[in-house]
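> Take this structure first; my questions come after.
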Amino acid sequence: MSQLARRVLLLFICLAALSCPALAQKQKVITVRMIDTRSGVLIATTNYLVRINHQETEHGDWITQNEDGSGKFILPPEAELISIHATYEAATLTYVNCDADKDHGSANHAPNTDHWYPVADILSTGVVAPNLCVGKKVPEKLQVVAKPGEYVFFVRPLNSREQFSQ
């Protein structure tokens, strides 16, 4: 093999080695924490329903559960906005997201209205969705902070009237 061919091969190997970490850094990874609005306890589940960019398609297999009960979500590159819900009771019932709880029953909003959150905000500063399921004085156990790359939202199970209407 000629000296020039070896140098070109070495150059390609070096470029490939340098580009792999750059590709890994561009991956958008979000940690998801779903908190029970009554107890303030993390709900460990794999029953998430994820939507991106106002699309109707729900992706139930995009979030995997971490050891601590939170979820890990690797976003597709085109994701700019996300909306996340979760199910329970063998996936037959959907938790009420507390960022939309006060919207329930209003003329302008359907039950479990989707609220969309910018991926850029979640990645840069972290986002805690509003908890409208509690009164004006939020108990200390429900005061949480999100780290960069973390999305935290509060949920409650459906009440009996809501279960009946589903």
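Rule-based calculations on the coordinates, nothing more; no lab input. Only a predicted model underlies this, so the values are computations on that prediction, with no experimental measurement involved. Cβ: placed from backbone, ideal geometry, glycine included. Neighbour counts: every protein chain shown.
> How would Phe164, Phe153, Phe73 line up from fewest to most surrounding beta-carbon atoms within 10 angstrom?
Ordered from fewest to most neighbouring Cβ atoms within 10 Å, Phe164, Phe153, Phe73 come out as Phe164, Phe73, Phe153.
> Continuing with the same structure: Can you spot the lysines whose alpha carbon is less than 18 Å from Lys26's alpha carbon? Ignore those fewer than 8 places along the same chain.
Once the sequence-local lysines are set aside, what remains near Lys26 is Lys72.
> Relative to the Cα centre, what is the charge dipole magnitude of the stretch 27-165, using +1 at the beta carbon of each Lys and Arg, -1 at the beta carbon of each Asp and Glu, and rounding to the nearest 20 debye?
Here the size comes out at about 480 debye.
> Sticking with this structure for a sec: Can you check what the net charge comes to around Asn53, using other residues whose Cβ is under 11 Å from the Cβ of Asn53 (Lys, Arg +1; Asp, Glu -1)?
It works out to a net charge of -2.
> Next question. For every other residue with a beta carbon closer than 11 angstrom to the beta carbon of Leu42, add +1 if it is Lys or Arg and -1 if Asp or Glu, then tell me the sum.
-1
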